[in-house]
Every structure is written in C-alpha cells, then in structure tokens.
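The values are calculated or read from the model by the stated rules, or taken from the named source; none is laboratory data. This structure is a prediction, so every number in the text was calculated from the model and none was measured. Cβ: placed from backbone, ideal geometry, glycine included. Neighbour counts: every protein chain shown. Heads up: the accessible areas ignore ligands, DNA and RNA and are worked out on the full protein's heavy atoms, side chains in. Shrake-Rupley method; radii C 1.70, N 1.55, O 1.52, S 1.80 Å.
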Amino acid sequence: MKPLTQLPKGARIYLPDEAQRKRYVESRLLDVFGRWGYREVITPTFEFFDVLSVGTDPVVQEDMFKLVDRETGRLLALRADITPQIARIVATRLRDEPKPLRLGYVTNVFRYDEPRIAHYREFYQAGVELIGLDKPEAEVEILAMTVEGLSALGLRHFQIDVGHPDFFRGLMEETSATDEQAREVRAALGRKDLAELEKRVGELGAPARVVDALLALPTLFGRAEVLERAAGFARTPRAARALENLTEVYRLLGIYGLADSVLLDLGEVRGFDYYSGMYFETYVSDFGASVAAGGRYDQMLGRFGYQCPAVGFAFDVARALSVMEHQGVAVPLPGPAFFIVDSTPDKTAALSLARRLRDLGASVSRDIVSRALPESLEYARSQRAGRAIVIGSARTREGEALVIDLATGSERIVPIQDILERPNEALEAEAEAKGVNHA
C-alpha cells in the first residue's frame, strides 16, 4: 500500500512560509503590471478540449491533462497555457473594445511532462498580454516590464536573450528544404550542435552564401554588432523585416536605458512554432532555466477568427522563488501584529480588544490554549507575532493589560479602556508600523 503522504509526481505543497513567499512574488509582479496599466483577467482552470486545442500547439496538446465531462460526455482539459484562453476571450468577448488591450494574470497551468528545475506538472505563472499593437514599441514595453519585474523581486545578474524566428525562416526560404529537413536544421541549431548543424545544412544543397549564413547563426550572439553582421545575410524580405524589427527594438531599449540587459541571439529558435516575431528568454546567473519568457504571437488570435497583433510574457513563479533563495533575497514573512493572552475566566476584554484592533486593520491572534505565560510568549514568537497583550497577569490590576514587545522584551502596563478608545496612543506610535491604521 502506498503511503498516505505520497503526492503524484510533479505535484507540490506550499507550506505557510513557502505560500507567503509565493504570494509575495505574485503581488510584486501584479503591482508592476498595474503600474503599467494592465488589468487582471481570470480564466477557467478547465475547458472543453476541442476549444482549447484551437489555440494550443499540437505538442502541448499531447501534454494536457484530460477528463470527461459527465454531463455532456465531451472531453475536457486543464489549461496548459493561458495565452490561447486570453486570445479566445479577446476574439469573442473583447473584440469591440478599444485597442490596445493590456491584460495581466496570475494563474496555474498544467502539463503532463517530466518535472524540471523548479518546475512541476502544476506550475504558476504571472504575465501580461498586450493586444492590438504591431509596433516595436509593444515589444519594448514587454521587455521593459520584464526587467522591472526582475528588479521588483530583487534579482541581480540577469540577462534577456532576444531572438527573432523570422530571421531563420527567411534564410530557409532560400533553400528547397523539406519540412523534415528544416526541423533537423532547427533541432541542431537549438542544441548548438555545430557538427550536426554543418551536416544538416550540407544536405540542403543550398547556395554557398545561404550555407554560410545558416552556419553563422550560432555566432550571431551579442549586442549591436550582431545587427551589423547579420545585415549581410538578410537577403529575403522576411529576414530583412526581422532584422529591421530587432534593430528598432534594440534602439528603443537604449532609450529606456536597458540595452545592457539584453543580448541578441539570431540563432535562438526555441518557441519557433508559437511565436511569429521577436522572442526572448530571461536567465539569471548560475541558474540553468529561464525565469521569464515571451514574445510576439500575431497568429494566435487569428485561430479564433480575429486577426489582431499580440505580444506578451510570463514569469515562472517557482523558478523566480528558487533564484531569489539562491541569491539570498529576503522576503518579509510577518506574523500577527498582536497576540492576545487572557488567563481570566471572562473573555470580554480579550474579544473586545481583538475586534477593535482588527477593525483598524491589524492582524490579531489569540492564545486560546491554557498554559503558562512563558510558553504562550514562546508560541507567539514562533508565529512571528509583533507584540503580546496579556490580560490577567499577576503584575496587572483589573482593567489593565501588560503589553510586551516580543522582539525587544520591553514591557509596559496600559489600561484596557485606553487601548479600546485610543489604540494608537495607548500602544505607542510604533503600533502603526505593526499594522494598526489611524482611527
């Protein structure tokens, strides 16, 4: 018999401190999204499979968790990607809304694949979609928000690798490669396997200048000089447009002061089928997986009958948390502002104080367990409580409470009525920092 504590492969529990750190990351990112004018959208966890599959690439469809709707008999699926859901919502419910649309989200998605670095079969994303703008300014806005999100999380030593699949597509248009040959070239390029790339390109029978261009792709990695080197290879309109787009994106990033955070990589072909234009992944030093990725996907809304440009990105929340831990980024984990201990039979004072302080916005916990005061205070410290309010202490008279700062150990006796009537004054000015707002 399997132990009752066993979880399915790829599932994860967030214990209280972990959950608090996770919420911190999500709230920081949502705050960034809000400052840029993005409004939150919430989509269903599951939908009919045939509807989701319209906007989902075949490879991802294979990794969806599927189940049968008992009412209709139709196949359901847990969402594996939120972008197709948002694309459908825009194409149907928001089609007539003024453009551009700026939508943000924090959600979980599900994929049946092998768990990877800080990545499970259920994982959490925070991201945005900018819909209705086909200008380079849209890509730059997305990149700038990614950098701001990384900074909001306190992350350091990061870089954003920016590519453009259409540059590779444009080069391949000059060959007579079959779909299979193109996939083999792309696979070798994705692995940075130079020997395999040379072999596969040699099988294409392409003109020498095209062969040189394809073999040069792994070296087209760096900053502004990459654009100059690539210009000699951009002989098709498609490749030229891709390079023109990246050139303008890089110029605008310089105006934002973000060019140093970006490395151009024209040999990057991951996300090839999904993205129609600029594509990027974000890496942090000494961490082997991207923490955020995104790009332009103009064809997505067209799958739902509404041709409209779109660009977006998503943070992987668990990976962001792992990097923050690795870099020693401190996440505040406050406990209750006040912990009330009442050893008297009549609980009126304790309940009245708890309600009064909560009404003012403070977090308040009570010790309902009967135990010695030192044990109650030790428990309060374990919960990261700020201050203890002790009613019925041997050191106080009726109508008084002993207020203890659990961090410093300082104590003072305060009339309970004063706390009820003038909590800020009675508990001193620092009470506001502990979570009490002015009445």
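Just a yes or no: is a residue in the range 148-161 in contact with a Gly (Cβ under 9 Å, 6 or more places away or on another chain), assigned to a helix (DSSP H, G or I) and farther than 30 Å from Lys199 by Cα? Scanning the range 148-161 turns up no residue that is in contact with a Gly (Cβ under 9 Å, 6 or more places away or on another chain), assigned to a helix (DSSP H, G or I) and farther than 30 Å from Lys199 by Cα.
Matching residues to (1) in contact (Cβ under 8 Å) with a residue 24 or more places away in the chain; (2) open to solvent by 30 Å² or more (accessible area, probe 1.4 Å); (3) farther than 16 Å from Leu130 by Cα:
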residue: Val25; (1), (2), (3): yes, no, yes
residue: Arg28; (1), (2), (3): yes, yes, yes
residue: Asp31; (1), (2), (3): yes, yes, yes
residue: Glu71; (1), (2), (3): no, yes, yes
residue: Ala87; (1), (2), (3): yes, no, no
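Checking every residue in the range 278-298 against the condition of being among the charged types (D, E, K, R) and more than 20 Å from Glu129 (Cβ to Cβ) gives at least one match.
Considering each of Arg235, Arg191 in turn, give the residue that is in contact (Cβ under 8 Å) with a residue 12 or more places away in the chain and not β-branched (Val, Ile, Thr). First the steps, then the outcome.
Details: Arg191 fails: in contact (Cβ under 8 Å) with a residue 12 or more places away in the chain.
Result of the check over Arg235, Arg191: Arg235.
If a residue has to be at pLDDT 80 or above, farther than 13 Å from Leu220 by Cα and open to solvent by 10 Å² or more (accessible area, probe 1.4 Å) to count, how many in the range 257-273 make the cut? Even if it seems obvious, please write down each step before you answer.
The initial filter retains those residues of the range 257-273 that are at pLDDT 80 or above, namely 257-269.
Now narrow it down to the ones that are farther than 13 Å from Leu220 by Cα: 257-262.
So of that shortlist, the ones also open to solvent by 10 Å² or more (accessible area, probe 1.4 Å) come out as 257-261.
So the answer is 5.
Restricting the range 297-317 to residues that are open to solvent by less than 10 Å² (accessible area, probe 1.4 Å) and modelled with pLDDT under 95, the residue that is nearest to Ala188 (Cα to Cα) is Tyr297.
What about Glu139, is it crowded, with 21+ Cβ neighbours inside 10 Å and of a type in the set (D, E, K, R)?
Details: crowded, with 21+ Cβ neighbours inside 10 Å: yes; of a type in the set (D, E, K, R): yes.
So Glu139 fits the description; yes.
Specify the residue that is nearest to the chain's Cα centre (by Cα); the eligible residues are those in the range 285-294 that are at pLDDT below 95 and open to solvent by less than 30 Å² (accessible area, probe 1.4 Å).
Of the range 285-294, the ones at pLDDT below 95 are 285-290.
Then drop every residue that is not open to solvent by less than 30 Å² (accessible area, probe 1.4 Å), which leaves 289-290.
Values: Ala289: 14, Ser290: 11 Å.
The qualifying residue nearest to the chain's Cα centre (by Cα) is Ser290.
Residues of the range 357-394 that are without any contact (Cβ under 8 Å) to a residue 24 or more places away in the chain, over 15 Å from Lys347 (Cβ atoms) and either open to solvent by less than 50 Å² (accessible area, probe 1.4 Å) or of a type outside the set (Ser, Thr, Tyr) (or both): Arg358, Asp359, Arg371, Ala372, Pro374, Glu375, Glu378, Ala394.
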